[in-house]
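Below you'll find the structure, written out as structure tokens, and then a few comments.
The values are calculated or read from the model by the stated rules, or taken from the named source; none is laboratory data. Computed from a prediction, not measured in an experiment: that's the story for all the values here. Heads up, the Cβs are rebuilt from the backbone with ideal geometry, glycines too, and the neighbour counts pull from every protein chain shown.
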Amino acid sequence: MAFSLSSTNVRLDGTTIRAKCKTKDGKLVDSALDLNLHIGNKEGNFSLSIGLFGASASDIRLDGSTLHAVLATSKQVKAPKFIDLNACLENINGALTFVKPKQRITQSCSAIIFQGSTLKGLCLGSDGKLHPSTIELNGCYSNDDGRFVPGGSAFTTARRMDLVSSGGKVILRGQLRSRDDGWRNAEVDLSVGVVNTDGKLHFVKEGGKFDQDGPVTLSFDLTPFARTVVDGLPLLAGNEVWAKRVAAFCANSPIICVTLVLGSLFGGPIGSIVSAGIITPIGLVVESGIADVIKDPVLKAKYEEAIVGRFICETISHMLVDNGAELLVEAVGELAVLDVETAVAEVRGVFRGAKVAVAELGSYRLLKKVVDAVCKKQTPQDWLETLEKVEKLKQA
């Protein structure tokens, strides 16, 4: 879990990050970790596989959970770089702990999609960035009388294949032709055989058969993402009244609900960091009180969307390499509008403490708007105009 969800008073002292971290019994304790021991500089880029970045860095600072520094190459070419520490730091029972990127794709990959016989995903590399990667599965699995087994070319005798993410697994399911020339339902957990190695998808041949028993149903795994935000509110608020106010705001804010659906949809590092990062703009909107003094309800909704939307777009953009956003657009294109609207209704229910049966229209369009902004690396014009209008109201 991203460290900032359960930490407060986060600051940087040289190359040492300090914070008050929540323990399992709910206490806040002081914790510190020297980032220089774990994060390095590899030819002008942050690296999570070596240490001592401080020896060739200048202008080191912390902005929220993002570490900024000017890094030098071996030829002394210098450039500003940044890395979101939520990708590599966790709070383990009150102690800030460095965690290297994991190989399991459910933990280190986001926006995993399946097209034809190809698996695609954004994979966390040792540079702390998400890299687009693809792997052709036709040479990884074969068809043994209607069952998936490692090796071969199963997809020449397969049909109706689709990908389902549920319960920490990535299930590929469909029908395989059996020896009697019939079709048999089959599925395989790709997270068992496909791993992420430094930002690239690889197949690891395992013995045995991977078929899973029982039905697999589509799940956004929404509750963990919304729940992490709910659980983090009292820590930041310091009082229950403020936390309830924020929860009510979240339940009624389309951009908050859509962002959490986006996080649960993409999963992996994006899901974790979005869940942690979204608390910051929530605090900005609620604590400032500016939304309460805006009389026009339309302008109020636009202001909330602009503040939260811009923050989340910047957060995701910081995680991606230059060509990474295109895969996010592909992933959103795979979604059905009804699935998104239903998922948003579920998120509202988590914040309200009760199930919400009816989803509001427009959530899918808003989700696409956020992803398009990330892809174009450009804040939507209506967000900029809204922020300017509210700024004038504040000065009036």
For this session: With the checklist (1) at pLDDT 95 or above; (2) in contact with a Ser or Thr (Cβ under 8 Å, 6 or more places away or on another chain); (3) under 20 Å from Gly94 (Cα atoms) in hand, flag the one item Gly64 doesn't pass.
Result: (1)
Exercise. Would the stretch 124-136 turn up any residue that is in contact (Cβ under 8 Å) with a residue 12 or more places away in the chain and farther than 30 Å from Gly44 by Cβ?
Worked result: yes
Exercise. In this structure, does Lys300 turn out to be at pLDDT 70 or above, outside any helix (DSSP H, G or I) and not aliphatic (A, V, I, L, M)?
Worked result: no
Exercise. What tally of residues in the stretch 4-18 results from selecting those that are surrounded by fewer than 17 Cβ atoms within 10 Å (Cβ to Cβ) and farther than 18 Å from Leu37 by Cα?
Worked result: 2
Exercise. Which ones in the stretch 142-163 are among the β-branched types (Val, Ile, Thr) and surrounded by fewer than 17 Cβ atoms within 10 Å (Cβ to Cβ)?
Worked result: Thr156, Thr157
Exercise. Do we have any residue at all in the stretch 26-40 that's free of Cβ contacts under 8 Å to residues at least 24 places away in the same chain, crowded, with 19+ Cβ neighbours inside 10 Å and not assigned by TED's automatic domain parsing to the domain that holds Gly277?
Worked result: yes
Exercise. Within the bounds of the stretch 51-63, is there any residue that is assigned to a strand (DSSP E or B), surrounded by 18 or more Cβ atoms within 10 Å (Cβ to Cβ) and aromatic (Phe, Trp, Tyr)?
Worked result: no
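Pick out the one residue from Phe220, Phe266, Phe249 that is modelled with pLDDT under 50, closer than 24 Å to Val371 by Cβ and either surrounded by 15 or more Cβ atoms within 10 Å (Cβ to Cβ) or under 26 Å from the mean Cα position of the chain (by Cα) (or both).
Checking each option against the conditions leaves just Phe220.
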Exercise. Can you find even one residue in the stretch 164-177 that is outside the structural domain of Asp34 (by TED's automatic domain parsing), buried (at least 17 other Cβ atoms within 10 Å of the Cβ) and under 30 Å from Asn36 (Cβ atoms)?
Worked result: no
For this session: Go through the residues of the stretch 68-80 one by one and say whether even a single one is among the hydrophobic types (A, V, I, L, M, F, W, C) and in contact (Cβ under 8 Å) with a residue 40 or more places away in the chain.
Result: no
